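J.: So that we are looking at the same thing, I have put the structure below in structure tokens.
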Amino acid sequence: MEEISITVRIADRQYKLTIEKNEEEVFRKATKLLTDKLIEYAQNYAFKDKQDLLALVALQYTTSSLKFEEQVNFNDNELVFRLNEIDKVLSENIS
């Protein structure tokens, strides 16, 4: 894969990153979402320190990620359970 260098701006700081070219859109979108969320938090909460805002946004996204991971694991387990039930029914009726 081809690597490229990009610069993203988060909380008034620039970060130079080396990423796979096919990931650029994802990084740009993530940067925009993060920036938008920081602006939202700054408008709605009395925090003036960017680090406090970053901590709250990180907590929100981490919490969302964990909830999503739990849901995916539940769905995977449910799917395996259902497939095993189908396999059992088919095995019983084919024999």
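No lab work stands behind these numbers, since they all come straight from the coordinates. These numbers come from a predicted model, not from an experiment.
J.: Okay, helix-only estimate at 222 nm for the chain: each DSSP H run of n ≥ 4 adds -39500 (n - 2.57), divide by all residues, round to 500 deg cm²/dmol; what do you get?
T.: That calculation yields -25500 deg cm²/dmol at 222 nm.
J.: Same structure again: Measure nothing but the geometry: give the 0 to 90° angle between the long axis through the Cα atoms of 50-94 and the longest principal axis through the Cα atoms of the chain, rounded to 10°.
T.: The angle comes out near 10 degrees.
J.: Quick check: the angle from helix 24-44's long axis to the longest principal axis of the chain, C-alpha only, nearest 10 degrees?
T.: Rounded to the nearest ten degrees, it is 70.
J.: Taking mean projected area of the Cα convex hull in nm² straight from the coordinates, which label in (i) 7.7; (ii) 9.8; (iii) 5.4 is the correct one?
T.: (ii)
J.: Suppose a student asked you for the relative contact order of the chain, using Cα pairs under 8 Å spaced at least 6 residues apart; what percent would you report?
T.: Once divided by the residue count of the chain, the mean separation gives 17 percent.
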